[in-house]
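Data block below; observations after.
The values are calculated or read from the model by the stated rules, or taken from the named source; none is laboratory data. This one's a predicted model, so the numbers in the text were calculated from it and none came from an experiment. A quick note on method: Cβ atoms are made from the backbone with ideal geometry, for glycine too, and the neighbour counts reach across all protein chains shown.
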Amino acid sequence: MPAPQWAMFRYALLLLLAAGCQAPSAYCTLDGFTQGTTYHIIYRDAQRRRLQPAIDSLLRGFSKSLSVYDSTSVISRLNRNEPVEADAYFVRAFRRAKEVYDDSGGAFDISAAPLFNAWGFGFKHREQITPHLLDSLKTFVGMDKVRLAGRRLVKDDARVMLNMNALAQGYSVDVVSEWLEARGIADYLVEIGGEVRCRGRNKQGKAWAVGIDKPEDGNMVAGARLQAVVHFTDRAMVTSGNYRKFYVDGGKKYAHTIDPATGRPVTHNLLSATVFAADAITADAYATVFMVVGLARAGEILSQRPQWGAYLIYEEDGAMKTYVTPDVQAMLQ
């Protein structure tokens with residue numbers, strides 16, 4: 001998503017290695033740009049293979065599928081109702097989005113793109129918000145109005161538009177991670193725009209260390225003010241929050257998390273949600289779900305998913321407080 005670099009990072013990597021591959025450990029570090037943000041990859045490869053060109057090509061192909069900021073991408077063409085087939089990236093993302101939509105009771109909805117656009121958080125200019133406008137937009141929002149028939153996207157209303165940004169970045173982390181694993185790499189950390197998936201051990205033979213930013217308005221630089229440090233491996237970690245992407249109009253703050261049910265930015269006290277799951281697409285999607293539904297419902301969902309972990313930061317009586325699952329508590333420094 002094109003934006004200032006700080007706006008894309010949700011937390012900071014604490015363990016950084018010098019560029020290239022280091023003997024004798026053969027840990028390699030790659031840095032680059034993708035999806036309007038940066039990536040940082042650390043991996044151990046005894047062969048010291050030069051993997052960056054292939055990874056860059058992989059990520060370009062991914063963006064050509066799911067970037068709403070590329071007018072020639074698959075999703076952009078489908079949004080314009082052009083006769084194009086969905087590719088493998090789109091199909092996997094769409095199916096996972098539909099699963100999360102159903103599971104969350106519609107709190108996660110990639111068809112809410114018109115609402116995000118109207119509020120100025122999508123890929124079009126902000127509109128003058130009125131109840132009539134929101135009611136009109138909601139008539140063609142909802143994943144019950146769109147489906148896949150093989151590789152063909154079928155819409156009940158031609159105005160249906162999709163935006164997969166709420167899971168695409170996490171999905172891209174999985175794509176790179178799975179690509180590395182397919183080449184026999186068992187120790188790695190992949191970070192794209194602040195979303196992380198790791199496996200194995202770091203250069204010191206320990207779990208990977210990652211910082212969670214304090215969700216304060218004005219904390220725009222990743223790692224500048226940390227809430228916590230977690231040490232983990234063989235999992236993905238994604239944070240969603242409203243402390244970097246928002247605007248103030250008429251003295252009122254409008255956050256980028258939109259509730260599809262109301263068509264309006266959320267106003268509850270959950271400041272940020274960090275989710276740990278087996279893959280980044282799941283962590284990314286449910287971090288968004290939690291920011292939509294709020295603290296109480298997030299806790300209920302977590303109680304039904306013991307395989308996930310979470311670090312939720314919320315405001316109560318003017319103070320910042322946390323809800324931390326037991327497994328994540330054990331990861332804290």
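Numbers at a glance
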quantity	calculated
When residues of the stretch 52-85 are limited to those that are under 21 Å from the mean Cα position of the chain (by Cα) and of a type in the set (A, V, I, L, M), the one surrounded by the fewest Cβ atoms within 10 Å (Cβ to Cβ)	Leu58
Condition met for Thr72 (in contact (Cβ under 8 Å) with a residue 60 or more places away in the chain and out of contact with any Leu (no Cβ under 8 Å at 6 or more places or on another chain))	no
Scan of the stretch 94-127 for residues that are more than 20 Å from Leu78 (Cα to Cα) and charged (D, E, K, R), ordered by number	Glu99, Asp102, Asp103, Arg126, Glu127
Some residue of the stretch 90-111 being at pLDDT below 95, under 17 Å from Asp156 (Cα atoms) and surrounded by 21 or more Cβ atoms within 10 Å (Cβ to Cβ)	no
Residue in the stretch 271-294 that is part of a strand (DSSP E or B), modelled with pLDDT under 95 and in contact with a strand residue (DSSP E or B) (Cβ under 9 Å, 6 or more places away or on another chain) present	yes
Cβ pairs under 6 Å, 6+ apart, first in the stretch 147-167 and surrounded by 13 or more Cβ atoms within 10 Å (Cβ to Cβ) and charged (D, E, K, R), second in a strand (DSSP E or B) and modelled with pLDDT of 95 or more	Arg147/Val154; Lys155/Val146
Matching residues, the stretch 72-123, being touching a Lys or Arg at 6+ places or on another chain (Cβ under 8 Å), in a loop (DSSP other than H, G, I, E, B) and among the polar types (S, T, N, Q)	Thr72, Ser73, Asn81
